[in-house]
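Some notes on the structure that comes next.
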Number of protein chains: 4
Amino acid sequence: VTLDDGADLASVLHATRPEAAERMLGGTEETTTGLLRLRALHEEGRLRCPILAVNEARTERVFNDRFGTGQSTLDGILRATNLLLAGRTFVVLGYGNTGRGVAQRARGAGASVVVCEIDPVAALEARMEGFEVLPALRAAERGDVFVTVTGGRGVLRREHFERMKDGAVLANAGHFDVELDLDALRGLATGGVRRVRPLVEQYDLGGRRLNLLAGGRVVNLAAAEGHPAAVMDVSFAVHALAAEELVVHPRELGPGVHPVPARLDREVARLKLASLGVEIDELTAEQERYLTSWG
Amino acid sequence: VTLDDGADLASVLHATRPEAAERMLGGTEETTTGLLRLRALHEEGRLRCPILAVNEARTERVFNDRFGTGQSTLDGILRATNLLLAGRTFVVLGYGNTGRGVAQRARGAGASVVVCEIDPVAALEARMEGFEVLPALRAAERGDVFVTVTGGRGVLRREHFERMKDGAVLANAGHFDVELDLDALRGLATGGVRRVRPLVEQYDLGGRRLNLLAGGRVVNLAAAEGHPAAVMDVSFAVHALAAEELVVHPRELGPGVHPVPARLDREVARLKLASLGVEIDELTAEQERYLTSWG
Amino acid sequence: VTLDDGADLASVLHATRPEAAERMLGGTEETTTGLLRLRALHEEGRLRCPILAVNEARTERVFNDRFGTGQSTLDGILRATNLLLAGRTFVVLGYGNTGRGVAQRARGAGASVVVCEIDPVAALEARMEGFEVLPALRAAERGDVFVTVTGGRGVLRREHFERMKDGAVLANAGHFDVELDLDALRGLATGGVRRVRPLVEQYDLGGRRLNLLAGGRVVNLAAAEGHPAAVMDVSFAVHALAAEELVVHPRELGPGVHPVPARLDREVARLKLASLGVEIDELTAEQERYLTSWG
Amino acid sequence: VTLDDGADLASVLHATRPEAAERMLGGTEETTTGLLRLRALHEEGRLRCPILAVNEARTERVFNDRFGTGQSTLDGILRATNLLLAGRTFVVLGYGNTGRGVAQRARGAGASVVVCEIDPVAALEARMEGFEVLPALRAAERGDVFVTVTGGRGVLRREHFERMKDGAVLANAGHFDVELDLDALRGLATGGVRRVRPLVEQYDLGGRRLNLLAGGRVVNLAAAEGHPAAVMDVSFAVHALAAEELVVHPRELGPGVHPVPARLDREVARLKLASLGVEIDELTAEQERYLTSWG
């Protein structure tokens, strides 16, 4: 069994020793990116064993994306800048699971939050949660702090930088450092670039200054400490139970990327609640009958 | 094509004139309950046409369950009681889509919210959102207002009523009036029952008085006006586009309950955003390439 | 002793029988307006007895203005319109105690809240709480719902109505119905006025329609039930203790408007907490020494 | 003119060279503590010049206490511990201006917040804001994180430490390090004390471990960077305008502690709004007449 983060282990194994991959009971995978790679491998007909998608387990999603990255992204921004967030306009680009977490925490810190999205369903949900939703070009004029968290590239680029206010702060909380178009930013910095705090580079666009955090790398890792232990323990618990599942019920799943069984998710949640000292109810026998008796 | 709410039309048609059902292009269904019935029919091999599950469309879920019922449940409680919610302990039993909406709005009204759940994943999510999570028996001692929204039955029953404080308010926002065990409540009311406001019956449990709203019927319909028009228009838009889909692409789907195509969901969201005056971005050609080029 | 709401009783008494006012132990007054009148009377040297300013007691302020009017204003708007507040832009004109309550509850209902103010300190506070702060003319273009709560007049007038969106809702939560300039509104309604719901008049401004609630009268009284009992009991408790104070310690205060003694405020809060079942701590002897020993 | 923080300069001057103090135009004072000292000096008849109470200016209160300390206290706790706040029970002891800020931010970070108070009016306000209010002994059993912010001493002491859960975190955001009774904590630590992170000392109470942050010193200064620049600039602006006032209108105020004139407060707010790019309205001539014409 392999426990992977980014599918590096599984990729190498399949590339170099496919016969060993064939003999494996399976693996687990932590990241969206890793799952993309593994699914591509499977579509080419080359994946030889089952992979359980830890990244898509419900507990993992909630903790890792929404609460973990939500808190630590703000933590990274504060450690890098010591900026007062109350009273600022905070622009979140991307309203997926992670973007939601960042938007929620920014509002909780007193900021006025603007969301930018390309998916109308996500945009509508953001609006219904009371956030202002704007095209990025208009948000560019309004924002004091910008956080990209889309998974895409070139989210903030020349045309946005040109409209931003003096003093705006740029951070990335997506997986890679391509969400901010740094080449464009450098090209605009006719007044030069200087480091004003350990993790803050100030780009002088001929009078207006834009502050880039941590070189555009993932700000919660680069400027804070990444996820708190209370987030990682959930991830590891899902990995551990998923690995056990592959061993205890060997060869039940064919090659491919499979969801973590819901019962494991519930078990992780049950353990976590116990660690938080939270007790919950169980269905009575009569209630269980009622819920299963429809027909 | 049938547009159904509760599967009544489809049920009757399949029961009485299956050959007519056979000739239909399909139908749409609004409710969870209706989908349960249609899926049961399909499992018995008796469903003759495709049904699009409007109820499970993302836009529908967000508007109908979370925002629609969330607001109108509180509205019903206020119209029935004129109770000040700030400073009260508000207990939400059930943290599904609707329960989330109710809990969020109750907090927004200044109440201190307690959530009761039987599913550990939902319970954990509630706790992570900052709600207090308690077993119902302990919540019973603390609550000023109780709202059941589980879809189950007997959620609040004798053992809970016996622990409640004088003056507690009982309301149901689930589909049926079986979530509160009214027989048990009547049995405990040794001091009698009297109507204290048009929609409030006060049960006297020998000194402690419990206030039942709208006879335990769904409080947002029975005491307020149900969903606002801005919720219903989303439902109707999904129905309309789903019906059009069945007509424009006839016989593409076999008999069974099918999801509403994601592209229709996006179209509804796009139209709704336009009606709210909200504009959003589109992917650039380069971004689209980046997102689809992984491999 | 007189217990007054609007200083009507005290005014008549002083105007018609000043010698009787002279013999009074004093009075209490519930409203800002009443206090204005009494202070004016005192400045003219005509006030003959002490008045305790119930309106300015801390408990009264918190309950009456912030929580009472906050909740009931939204309640009035919902009963009048059944509008979904989530996703709307809700404009609060005036960020005094009451405006804060309305803004807080509107945000809690999922609206995106814009505040308009003329006092820079209040405007800054609103901004720091994460609200968007705009001049009324720009808010006029953005808002879906407008609530005036300034205590002034002509807050929304011709120039604002001319910029509003089709379907905008106008409500007043200030003391008098002069905050909305209804003459101007009528003058603009070239398309006529019609009642579209019992408490909603729709003004047709040649295509754009503005919806006036309750004829511009205070919306929480005109469209809902005014303050909940849990707000009024605090007011009455302050009145009762203030009246008792005037009787038990007669003639200690001279003619004039005096604050309610802080100890009465604390007593009301203590009783209210007890009624809510909330217990709090007391200082230890050592802590009391520490706090009073500075010098 | 003296600009003071803690009244150190004014104290020394009055003690050693009262005749110089006599010749001064006055001074300004930043802290509550300093004002206590100066008022005591004045009561002894020894204060020789006017002091403007910067600390009590409205802008200063809002920024410094509520928003500044609110954010930086949480920032200090996160930097010291990297704890996930969502899902935790966060106990705030003291609900003055600063306590409110801390409670608001802790809730905004996803924690479930409990408030402890001795003043019934403040306790009631906390409850009405939706916080749970408990006596400290009961909060001790429930809390995951404790922050003292009372200005008193011995707020958390032996009896509280004895009831706390394993892993509880103790921090102080009040002025002095006497709010946590460290002698009692040491006395209970039969299992020893060890440093587990740079600013975290873990006290082993025979199995249960309590984590003390920054040795009980003010956590926002000791573990983070104190107030953001956007808070300090408000303080300094109030000092500067107050000092100017003393120079431009010399000898208008007698010896004593005086409030900063409201017009200076408004000027600071006006400048701050401008720096945030926020515009507001002014009264029309007609509105001004209306507001001043009562009589």
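Restrict the check to segment B:249-268 and report whether at least one residue is at the interface with chain A (Cβ under 7 Å from one of its Cβ atoms) and over 31 Å from the mean Cα position of the chain (by Cα). Checked segment B:249-268: no residue is at the interface with chain A (Cβ under 7 Å from one of its Cβ atoms) and over 31 Å from the mean Cα position of the chain (by Cα). Answer with yes or no whether B:Arg270 is out of contact with any helix residue (DSSP H, G or I) (no Cβ under 9 Å at 6 or more places or on another chain) and either open to solvent by 70 Å² or more (accessible area, probe 1.4 Å) or at pLDDT below 95 (or both). Criteria not met by B:Arg270. The requirement of being out of contact with any Cys (no Cβ under 7 Å at 6 or more places or on another chain) and at pLDDT 90 or above is satisfied by A:Thr73. Could you grab me the full set of residues in segment C:1-29 that are charged (D, E, K, R), closer than 16 Å to C:Ala240 by Cα and open to solvent by 20 Å² or more (accessible area, probe 1.4 Å)? Result: C:Asp5, single match.
Counting residues in segment D:215-227 that are modelled with pLDDT of 95 or more and among the charged types (D, E, K, R) gives one or more. The set of residues from segment B:91-103 being assigned to a helix (DSSP H, G or I) and surrounded by fewer than 24 Cβ atoms within 10 Å (Cβ to Cβ) comprises B:Asn97, B:Arg100. Checking D:Thr89, D:Thr16, D:Thr81 one by one, the residue that is of a type in the set (Ser, Thr, Tyr) and touching a helix residue (DSSP H, G or I) at 6+ places or on another chain (Cβ under 6 Å) is D:Thr89 and no other. All told, B:Thr89 meets the bar of being closer than 17 Å to B:Phe146 by Cβ and touching a residue at least 40 places away in the same chain (Cβ under 8 Å).
The helices (runs of 4 or more DSSP H) located wholly in segment D:128-208 that include 3 or more residues which are surrounded by 15 or more Cβ atoms within 10 Å (Cβ to Cβ) occupy D:136-142, D:182-188. When segment B:56-68 is filtered for residues that are open to solvent by less than 10 Å² (accessible area, probe 1.4 Å) and among the β-branched types (Val, Ile, Thr), only B:Thr59 remains.
Pairs are defined by a Cβ separation below 9 Å, a sequence spacing of at least 6 or placement on different chains, a first member in segment D:184-209 that is over 16 Å from D:Arg157 (Cα atoms) and among the acidic types (Asp, Glu), and a second member that is open to solvent by 60 Å² or more (accessible area, probe 1.4 Å) and part of a strand (DSSP E or B); the pairs so defined are D:Glu201/D:Val193; D:Glu201/D:Arg194; D:Glu201/D:Arg195.
Any residue in segment C:122-131 that is within 14 Å of chain D (Cβ to nearest Cβ), over 18 Å from D:Arg289 (Cβ atoms), modelled with pLDDT of 95 or more and touching a Lys or Arg at 6+ places or on another chain (Cβ under 7 Å)? Walk me through how you get there before you give the answer.
Residues of segment C:122-131 within 14 Å of chain D (Cβ to nearest Cβ): C:122-131.
From what's left, over 18 Å from D:Arg289 (Cβ atoms): C:122-131.
Still in the running and modelled with pLDDT of 95 or more: C:122-131.
Next cut, touching a Lys or Arg at 6+ places or on another chain (Cβ under 7 Å) only: C:124, C:130.
Within segment C:122-131, one or more residues are within 14 Å of chain D (Cβ to nearest Cβ), over 18 Å from D:Arg289 (Cβ atoms), modelled with pLDDT of 95 or more and touching a Lys or Arg at 6+ places or on another chain (Cβ under 7 Å).
Number of residues in segment B:212-226 that are more than 19 Å from the chain's Cα centre (by Cα) and open to solvent by 20 Å² or more (accessible area, probe 1.4 Å): the value is 0. Just a yes or no: is a residue in segment C:257-275 acidic (Asp, Glu), within 30 Å of B:Gly167 (Cα to Cα) and part of a loop (DSSP other than H, G, I, E, B)? No: zero hits.
Among the residues that make up segment A:111-120, is at least one of them touching a Leu at 6+ places or on another chain (Cβ under 9 Å), open to solvent by 10 Å² or more (accessible area, probe 1.4 Å) and within 14 Å of chain D (Cβ to nearest Cβ)? No: zero hits. Of all residues in segment C:70-90, none satisfies being open to solvent by 20 Å² or more (accessible area, probe 1.4 Å) and of a type in the set (Asp, Glu). Condition first: within 13 Å of another protein chain (Cβ to nearest Cβ) and either open to solvent by 10 Å² or more (accessible area, probe 1.4 Å) or at pLDDT below 90 (or both). Now tell me which residues in segment B:36-55 satisfy that. Of everything in segment B:36-55, those that are within 13 Å of another protein chain (Cβ to nearest Cβ) and either open to solvent by 10 Å² or more (accessible area, probe 1.4 Å) or at pLDDT below 90 (or both) turn out to be B:Leu36, B:Arg37, B:Arg39, B:Ala40, B:Leu41, B:His42, B:Glu43, B:Glu44, B:Arg46. If the condition is being away from chain C (no Cβ under 14 Å) and surrounded by fewer than 21 Cβ atoms within 10 Å (Cβ to Cβ), then segment D:227-248 contributes D:Ala229, D:Met232, D:Phe236, D:Ala240, D:Ala243, D:Glu244, D:Val247, D:Val248.
The values are calculated or read from the model by the stated rules, or taken from the named source; none is laboratory data. Note that this is a predicted model, so its numbers are computed, not measured. Reconstructed Cβ throughout: ideal geometry from the backbone, glycine too, with neighbour counts over all protein chains shown. Quick note on the areas: whole protein, heavy atoms, side chains included, nothing else; ligands and nucleic acids left out. Shrake-Rupley method; radii C 1.70, N 1.55, O 1.52, S 1.80 Å.
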